[in-house]
Amino acid sequence: MNIIDLTHSKRMLLLLTGVVFCALLPAHAQTKQVRYLSETQKEVPASEAYFIDVKEINEAGGGTRTRFLAKDSTKVHQLTYSNFEGGKENLGHLNGPYSEWHESGHFKIKASYENNKLNGEYSAWYDSGQLQYTCKYKNNMVQDTLVGYFESGKVRRIEIYEQGKVVSGKVYNEAGAELSYFPMREMPVFPGGEQAMLRWLATNIKYPKSTRKAKVQGLVLVSYVVNEQGKLENIELIKGIHPDADAEALRVIHTMLVWIAGKYEGEAVPVHYTLPIRFSL
């Protein structure tokens, strides 16, 4: 079962005397920059890479960022930037086509960004090549009609959106009979919601004395998957600042409560998150 990756589509923010997002940006622009990543997007030696991430930078400071499978160089996704610098949380300015591919090489997603927001047609496909769903985005919100399909090609759902919210929807089984409506995608939920999670983290994370004494501050990135049972697994440090601060962030995530699992088309699915925690003096 595929893991839904929310690294780009949703980010959570914890304020622990200041917790914000950051990006791993190069100090010097080059024509091409290559990074080797684990399956959870942690930078690793080339020999351990699951993904190869390639930035091709033009004279204006923009260009493309393309990710490949290390094992066979299959293209996984490609983003287009007008500028790799700046933007919200310094993640750059997305402008232009966005594409994802299945490991088979078939298209998975085709979309487009304008000023860091999804705009225009958005289409997703099954690995077989059958259309999975199609919709339109306006200013990062689904607008008008979304139509979802079974892999057989039969209509699975029809939803009408206004300002990113469903105002009406119908769901069908594969035989064409209408079912009681349920959302296409339900994200995992920490008990009590996101604000409860932020309060829980703020209460439980302690700024290590050794890190304070060394006058070290900055961002720690921790990656994890909320599995089908709502438990956290594959917890991994993506970016650290100090051994004790890194260990504290990992310790707290390991003790996090069980979530309500995420669902896609009514079935529980694993969902990948990247949680940033900034330690500020």
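Quick one: net charge of ALA175's neighbours, Cβ under 12 Å, K/R +1, D/E -1? Value of the local net charge: 0.
Angle of helix 194-204 to the longest C-alpha principal axis of the chain, folded into 0 to 90 degrees and rounded to 10: 20°.
Note on the chain: with a GNM built from Cα contacts shorter than 10 Å, the maximum mean-square fluctuation among GLN41, GLN33, GLN78 falls on GLN33. With K and R counted +1 and D and E -1, the other residues having a Cβ less than 14 Å from that of ALA49 yield a net charge of -1. Across region 194-279, the relative contact order, built from alpha-carbon pairs under 8 Å that are at least six residues apart, equals 36 percent.
Using the Cα atoms of region 31-182 to build a convex hull, what is its mean projected area in square nanometres? Intermediate results must be reported in sequence, preceding the final value.
Working: hull surface 42.3 nm².
The Cα convex hull of region 31-182, projected and averaged over all directions, gives 10.6 nm².
Assuming R0 = 35 Å, can you tell me the calculated FRET efficiency for the pair ALA46 and MET141, based on Cβ-Cβ distance, to the nearest 0.05?
Result of the calculation: an efficiency of 0.30.
For HIS106 and LEU237, the FRET efficiency from 1/(1 + (r/R0)^6), where r spans their Cβ atoms and R0 equals 35 Å, is about 0.55. For region 150-281, lysine pairs separated by 8 or more sequence positions, or belonging to different chains, with Cα-Cα distances below 24 Å total 12.
Expressed as a rounded percentage, what relative contact order does the chain have, with Cα pairs under 8 Å and six or more residues apart?
Values: 659 pairs, mean separation 49.3, N = 281.
Value for the chain: 18 percent.
For the residues ASP244, ASP72, ASP144, a GNM of the chain with alpha-carbon springs under 10 Å puts the largest fluctuation on ASP72.
If you wrap a convex hull around the C-alpha atoms of region 211-275 and split its volume per residue, what is the figure in Å³? List each step's numbers first, then the result.
Details: hull volume 4.7 nm³, N = 65.
Hull volume over Cα atoms, normalised by residue count, gives 72 Å³.
Lys/Arg Cβ at +1, Asp/Glu Cβ at -1, dipole of the chain taken about the Cα centre: which of ILE205, ALA175, THR145 is farthest positive-ward? Result: ILE205, furthest along the dipole toward the positive end. Close amide H pairs (under 5 Å, H built 1.01 Å from N) link GLY262 with VAL269, residues at least 5 positions away or on another chain. Largest GNM mean-square fluctuation among ALA247, ALA70, ALA60, using the chain with Cα springs under 10 Å: ALA60. Identify the GluC sites (Glu not before Pro) of region 38-89 meeting these criteria: DSSP loop state and at most 11 other C-beta atoms within 10 Å of the C-beta. Passing sites in region 38-89 are GLU59.
Taking Lys and Arg as +1 and Asp and Glu as -1, the other residues whose beta-carbon sits under 12 Å from that of SER123 total +1.
Readers should treat all values here as calculations from the given coordinates under stated rules, not as data from a laboratory. Computed from a prediction, not measured in an experiment: that's the story for all the values here. Don't worry about glycine lacking a Cβ; one is built from the backbone with ideal geometry, like all the others, and counts go over all protein chains shown.
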